[in-house]
Each structure stands twice: as C-alpha cells, then as structure tokens.
Amino acid sequence: MIHNYDEPVYLISIVSKILDIHPQTLRQYERENLICPSRSNGRIRLYSQRDIDKIKLILRLTRELGVNLAGVDIILRLKGNVDAMEKEIAELRHEANRATNAYSVSPDKALVTTRSVYEMIIFQD
C-alpha cells in the first residue's frame, strides 16, 4: 500500500527503528517544537514521511554538523522562510510569463515580422 507523503502512518516505535534513535529523542524534538507529529484519537503519535525526512535533517544537523537544538530551530525557520520565498518567486515568474504571453503575438501571425533598417524621410516644399 502506498501512502501520501503527508499521511501520518508511522508509530513512534517504527520511526525510532527506521532512524536508529531512541523514542525519547523524538519526544524531545517534539518538546522543542522541531517536529509536530499528528495524533490519533487515542493520542498516539503518528509520523508521516515528511516528518521522517525532517527528523533526518535534524539528525544530520546535530550529528554531522554539531548544531545544537536551538541552532536547528533557527535553521529550520530560515529554511521555511526561504522555501516560502522561492515558492512566491516561482508563482510571480509564472504570472509574469503568462502576462507577457497574453499580450504578445506569435511571429507567424504578426503583420510585420522584421523591421527595415531604412528610415523614410519626408521633405516638405
């Protein structure tokens, strides 16, 4: 069965085994507001693939780069801001291209396709 990237399907025990970390580490990340897993009706934490990828990033920052959790929080916030700005830029570019294309005529349908290098001079008597 294939699940959506954002669908919460993994229990904390499964995530801890997948990532080879202690479940308390995941609880700590949640207390620090670095991750926010979904909860079932019975208040059981459920993680999505997006959550797992975010935890992998946190582990890489802390283990490989030596960043503390306060630094991870700042990095994740900045990453979120950059992602939002990149999305906005892409949308603005798309809008600009659409606006440009809406008012242009394709070369094969234009009345004049090339410009002459000669200028017309009119003399008055």
Item to complete: Sort out which residues of region 57-107 are exposed (fewer than 10 other Cβ atoms within 10 Å of the Cβ), hydrophobic (A, V, I, L, M, F, W, C), assigned to a helix (DSSP H, G or I) and at pLDDT below 95, and write them in order of number.
Response: Ala102
Item to complete: Filter region 73-104 for residues that are among the acidic types (Asp, Glu) and more than 30 Å from Ile55 (Cα to Cα) and give the result.
Response: Glu95
Practice prompt. Can you work out which of the residues in region 1-34 that are surrounded by 14 or more Cβ atoms within 10 Å (Cβ to Cβ) and of a type in the set (Ser, Thr, Tyr) is farthest from Arg60 (Cα to Cα)?
Written response: Tyr10
Fill in: Of all residues making up region 24-56, the number that are in a helix (DSSP H, G or I) and not charged (D, E, K, R)
8
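The values are calculated or read from the model by the stated rules, or taken from the named source; none is laboratory data. Small disclaimer: the values here were computed from a predicted structure and weren't measured. Every residue, glycine as well, gets a Cβ built from its backbone with ideal geometry; the counts of neighbours run over all protein chains shown.
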